[in-house]
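Working notes for the structure below.
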């Protein structure tokens, strides 16, 4: 084991698929520890020691445990600076990277959930995301400025946003704005897409029929 070996605790067709895709984009060595959610692997004591929420993705690097999509993306980008996918502190793009890494979890997920569940919208002044429409407009405006979230440069922010937007659009949880659709198509065309999909297909093929 080297000082940069990482293990992803992963289940296909969950949010951890985004981290699997990110690892394939980074092109770095990693181990997969596959959990069968239907069998309750994520609620077993040995996993709850790592993540008391019983959630994936969960990343282990040595004795360090990292959860949450934005935190994992940032941690991996900083751990592997040679990939060029994570502007370091002091880089003018670092602020934009941090903004968009955390905008997804802080704004998009709660806004989308409120909309999908048809919950009464809170006052914009009380909600961190303001309104659903404001949140969508911010994403569309960002994508209008460049092919990727930081402009011309593909970064770990896209490693987070690509799978997330692909899933949200597929399930009609976000409007099919031309900027979002084009972004999803660009992301799907990258070589890492096929590699990550093949890994998950192999995992699922090995499981006995339900």
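No lab work stands behind these numbers, since they all come straight from the coordinates. None of these values were measured; they are calculated from a predicted model. Please note: Cβ atoms are built from the backbone with ideal geometry, for glycine as well, and neighbour counts cover all protein chains shown.
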Hey, with R₀ at 22 Å, roughly what FRET efficiency would residue 134 and residue 185 work out to, going by the Cβ-Cβ distance, to 0.05?
0.30
So, in nm, how far is label residue 93 from label residue 145 when the simple model puts each one 7 Å beyond its Cα toward the Cβ?
1.3 nm
Taking the mean number of other Cβ atoms within 10 Å as a proxy for protection, how do you rank 43-55, 189-201 from highest to lowest?
189-201, 43-55
By how many nm would the segment from residue 198 to residue 117 grow when fully extended, if each residue of separation counts as 0.36 nm and the alpha-carbon distance is taken off?
25.9 nm
Ranked highest first by the average count of other Cβ atoms within 10 Å around their residues, in what order do 88-94, 30-36 fall?
30-36, 88-94
Rounded to whole Å, sorted largest first: equivalent-ellipsoid semi-axes of segment 1-83, Cα gyration tensor
21, 13, 11
Whole-number percent relative contact order across the chain, with pairs defined as alpha carbons under 8 Å at least 6 apart
21 percent
Before anything else, pin down the relative contact order of segment 94-190: Cα pairs under 8 Å, at least 6 apart, normalised by residue count, whole percent.
26 percent
Rg over Rh [alpha-carbon atoms, Kirkwood Rh] for segment 94-190
0.96
